[in-house]
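See structure below.
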Amino acid sequence: MRINMKLKTMAAAVALTFSGIAAAANYTLLTEELPPYSMKLGGKVTGASVDIVSELFRRSGLSFDVKLQPFVRAVDSTKNDANTCVFPVERNQEREVSFKWVSPILVTHTAFYTMNDSKVEIRVLNDAKKLSIGTYTGSAPAEYLSGQGFEVQTTPKDAPNIQKLAAKRIDVWAADTLTAAYLAKEAKVTNLKERLVYFSALRALACNLGTDDSVIDKLEVELKKMYADGSVEKILAKYK
Amino acid sequence: MPTLFPCHSSRKGLFKHIRLAVLGLGILASQCGWAGEAEAKKWIDTEFKDSTLTKDQQMEELKWFIKAAQPYKGMTIRVVSERIDTHWYEAMTLTKAFEDITGIKVVHEITGEDDVVKKISTQAALDYSLYDAFINDSDLIGTHYRYGKVVALSDFMVGEGKDVTLPTLDLDDFIGLSFTTGPDGKLYQLPDQQFANLYWYRHDWFSRPDLRAKFKSIYGYELDVPQNWSAYEDIAEFFTVHVKEIDGKRVYGHMDYGKKDPSLGWRFSDAWLSMAGAGDKGIPNGLPVDEWGIRVEDCHPVGASVTRGGALNGPAAVYSITKFTEWLNKYAPPDAKAMNFSQAGALPGQGNIAQQIFWYTAFTAALTDPNLPVTEADGSPKWRMAPSPRGPYWEEGMKLGYQDTGSWTFLTSTPLERRKAAWLYAQFLVSKTVSLKKTLVGLTPIRASDINSAKMAEVAHKYGGLIEFYRSNARVAWTPSGTNVPDYPALADLWWKNIALAANDQLTPQQAMDKMAKEMDERMQKLTDAGKMARCEPKLNEPKDAAYWLAQPGAPKPKLANEKPQGVTLPYEKSLKAWD
């Protein structure tokens with residue numbers, strides 16, 4: 001009996017400890033405003049990547065809040081603050097060492113767009129090198145193209161590039177395929193033509209280095225399940 | 001998906017198309033074969049003038065492509081590869097040729113090798129379709145073989161892919177098939193490009209009578225191509241400590257990098273331990289212990305720690321890390337320690353590095369820029385490359401360096417029709433019609449016929465020993481990671497995370513390698529526990545006293561009483577022939 005009591009006490013203490021950890025660890029999930037991946041609608045942060053990551057944390061039994069923050073600040077906050085993650089982030093060699101990773105929460109595609117009546121020919125990436133390319137500051141297309149020695153004209157936001165394209169101030173617009181479809185719909189532009197989907201990227205959730213490995217493992221297992229049962233595709237379909 | 005009409009891609013073809021259009025679509029479709037031939041001829045006459053085939057043979061080969069591709073015309077396929085000159089040429093030029101000739105459009109994406117590995121791993125793990133084929137380094141052969149998610153090309157070529165397998169592929173002509181073959185003898189990947197990691201040095205400085213005399217007076221032997229690490233170390237010291245300046249410029253006898261960054265891992269996983277002599281004899285990777293220090297028994301990895309029969313923390317491995325840190329601290333430029341692979345790669349071209357023990361030949365074209373201080377005005381190099389020197393644990397019959405073999409890799413989850421169309425593109429890129437020209441552009445040879453061609457002999461002098469290396473028997477001793485490594489993506493980060501601790505003096509080389517060997521074993525056990533491997537999963541040996549394993553023949557080898565034997569050098573020409 002005495003042994004039995006001791007076991008019961010230990011079990012209670014263990015349960016208390018775990019519930020204590022769970023209660024303490026509320027994760028702050030940071031993302032920049034990037035419709036339709038992340039945006040504020042009716043006071044609520046929503047979007048394709050927000051929905052995927054939120055579902056992932058819910059399934060993993062982790063408490064969380066999603067906040068919008070400019071990307072550079074979000075990356076810095078995640079480096080410095082415990083229980084903080086940023087998404088969606090391109091996982092590359094430079095960033096690898098600074099975070100713990102859960103990947104891919106998204107696979108994104110970037111493409112060149114022109115108006116329907118444009119005569120430019122783009123069969124391969126380099127065909128666009130001689131053209132005037134518009135994209136937005138700090139975007140994945142801007143980063144990739146600059147890295148390959150392309151000159152790009154950037155705007156602080158992506159939406160004006162549709163107008164620039166229509167006004168022939170740029171020859172092509174380099175944009176994320178989901179973003180382009182969303183912005184074209186918003187701007188009620190129907191004569192946009194996708195010319196070449198030239199790059200695909202894996203986007204990850206990057207967490208503070210102090211994040212427990214067991215949390216990362218749990219998130220990875222649940223993410224695999226979300227791909228296997230079609231949840232990721234289902235969420236993305238809502239925004240296509 | 002854009003609609004394709006390859007007949008349109010030349011004015012003549014377009015004219016023909018319009019004329020035939022009035023006769024009806026049925027005729028038009030059949031006449032597209034003719035247009036493909038016209039396009040093929042155009043490409044043969046312009047881009048593919050350098051080939052080991054005659055023009056007629058080229059045309060016959062391309063006619064086969066036109067016919068085999070008929071069912072896939074109009075399809076767009078996606079492939080991905082790393083960012084080197086060869087793949088840029090493929091992505092920007094050869095995709096157009098292939099589309100013109102076959103009507104199959106290819107989007108050939110270019111990215112970093114780490115991203116290629118992440119993408120193929122993701123697609124294999126999630127069965128989520130991203131690409132129809134990958135050009136993936138053959139270092140993953142052990143991974144691909146074990147998980148059963150990669151198509152065995154040996155089976156595919158005689159089975160469901162028989163009708164799309166090029167009769168003139170001539171597999172015997174490929175120089176790297178042993179790197180892409182699994183323990184079951186089946187071919188899992190097809191080499192697309194290869195480059196090696198060799199010794200690089202300033203031939204002009206080594207030829208100067210004053211420097212030669214000074215070196216001999218200090219070290220007692222000739223300043224020539226080092227054959228062992230002792231000579232490399234002496235030469236490093238000579239330039240950094242004794243010569244110090246050449247033509248008023250500070251010079252260094254060694255270049256390397258040490259920043260905590262994933263690229264630091266390549267410096268070691270790419271065969272560094274084998275150069276010291278840590279593994280066992282046997283080509284391509286050493287058996288039963290390979291250059292990662294992993295022991296395999298009956299295809300099952302049984303341990304990396306010495307106590308389990310591995311060699312990752314054995315005396316030879318620890319010696320190799322000790323020399324890496326010592327040379328980096330004593331002989332490299334002071335800022336080298338804070339550099340990564342890309343930053344360090346640029347330095348030899350700037351003209352103050354005398355030699356580098358670990359130099360990728362993929363940099364060859366970049367270092368022949370006539371504007372660089374390491375080239376003459378006509379672009380001929382002041383530098384040379386030669387087979388790398390060996391450490392004191394190295395023995396005859398062992399591998400001696402690294403070779404990167406970017407290879408076509410197909411996942412079983414890719415729908416058959418898409419896989420077949422991608423296989424056609426893969427074969428086009430390595431076909432004899434194309435491969436010599438591709439080799440001249442990217443300097444990453446895959447075929448013996450190209451290496452031994454008259455054209456290669458004509459241009460060999462421009463490339464500082466590259467062609468000579470590939471013509472010698474040495475090329476079989478420079479090999480990629482092999483089949484002992486059970487899951488390359490799951491294990492590779494251990495290299496940079498642990499070596500960085502030694503490079504930055506946080507742990508001694510012995511402590512860092514002990515930690516790494518322990519973690520490697522734990523990860524291998526985790527892989528087995530996950531139960532995802534179809535075959536040859538790790539089965540760790542029970543630990544025994546290290547002395548037991550060190551007393552057995554081969555790796556792990558006991559510590560040598562003298563790790564610095566007499567330095568040995570050879571004149572350049574003799575060093576190239578040392579392997580023949």
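Assorted remarks:
- Whole-number percent relative contact order across chain A, with pairs defined as alpha carbons under 8 Å at least 6 apart: 28
- Rolling a 1.4 Å probe over the heavy atoms of the protein chains gives the protein assembly as shown an accessible area of 40 Å² per residue.
- For region B:491-500, backbone phi angles converted through the Karplus equation (6.51, -1.76, 1.60; θ = phi - 60°) give residue-by-residue couplings of 10, 4, 5, 4, 4, 6, 5, 8, 5, 4 Hz, Gly and Pro being listed as x.
- About the Cα centre, charge dipole magnitude for region A:108-201 (Lys/Arg +1, Asp/Glu -1 at Cβ), debye: 260
- Taking the helices alone, chain B has a mean residue ellipticity at 222 nm of -11500 deg cm²/dmol, built from -39,500 (n - 2.57) per DSSP H run of at least 4 residues and averaged over all its residues.
- Rg/Rh for the protein assembly as shown (Cα atoms only, Rh after Kirkwood) is 0.98.
- Cleavage-rule hits (GluC sites (Glu not before Pro)) in region A:131-201: DSSP loop, at most 14 neighbouring Cβ within 10 angstrom: A:151
- Shape parameters for chain B, alpha-carbon atoms, Rg then Dmax in Å: 25.1, 87
- Chain B: relative contact order in percent, alpha carbon pairs under 8 Å with at least 6 residues between: 24
- Radius ratio Rg over Rh of region B:438-580, counting only Cα atoms, Kirkwood formula for Rh: 1.07
- Around the amide H of residue A:152, modelled in the peptide plane, lies no amide H under 5 Å away from a residue 5 or more places distant or on another chain.
- Sulfur and carbon atoms: percent of accessible area, region A:108-201 [1.4 Å]: 51
- Translational diffusion of region B:128-194 was estimated from the Stokes-Einstein equation, with Rh taken as the Kirkwood radius over Cα pairs; at 25 °C and 0.890 mPa s the coefficient is 192 µm²/s.
- Of A:40/A:185; A:218/B:532; B:149/B:438, those spanning more than 21 Å from alpha-carbon to alpha-carbon: B:149/B:438
- Residues in region A:213-236 that, when all protein chains are in place, have 50 Å² or more less accessible area than the chain alone would give (probe 1.4 Å): A:224, A:227
- Relative contact order [Cα under 8 Å, 6+ residues apart], region A:108-201, whole percent: 51
- When the chymotrypsin sites (Phe, Trp or Tyr not before Pro) in region B:389-485 are filtered for DSSP coil states and for at most 11 other beta-carbon atoms within 10 Å of their beta-carbon, no site remains.
- C-alpha center-to-center spacing [region B:427-451, region B:370-393] in angstrom: 23
- Alpha-carbon centroids, region A:129-164 and region B:261-312: separation in whole Å: 45
- The local environment of residue B:373, defined by Cβ-Cβ distances under 15 Å, has a net charge of -2 under the rule Lys, Arg +1 and Asp, Glu -1.
- Cα-based Rg and Dmax for region A:108-201, where Dmax is the largest Cα-Cα distance (Å): 11.7, 33
- Placing unit charges on each Cβ (+1 for Lys and Arg, -1 for Asp and Glu) gives chain B a dipole about its Cα centre, and among B:361, B:470, B:429 the Cα reaching farthest toward its positive end belongs to B:429.
- Cα centroid separation - region B:468-541 against region B:112-134, whole Å: 21
The values are calculated or read from the model by the stated rules, or taken from the named source; none is laboratory data. Note that the structure is predicted; figures quoted are calculated from it, not measured. Glycine gets a Cβ as well: all are built from the backbone with ideal geometry, and neighbour counts include every protein chain shown. To get the accessible areas, we keep the full protein, side chains included, count just its heavy atoms, and leave off ligands, DNA and RNA. Shrake-Rupley method; radii C 1.70, N 1.55, O 1.52, S 1.80 Å.
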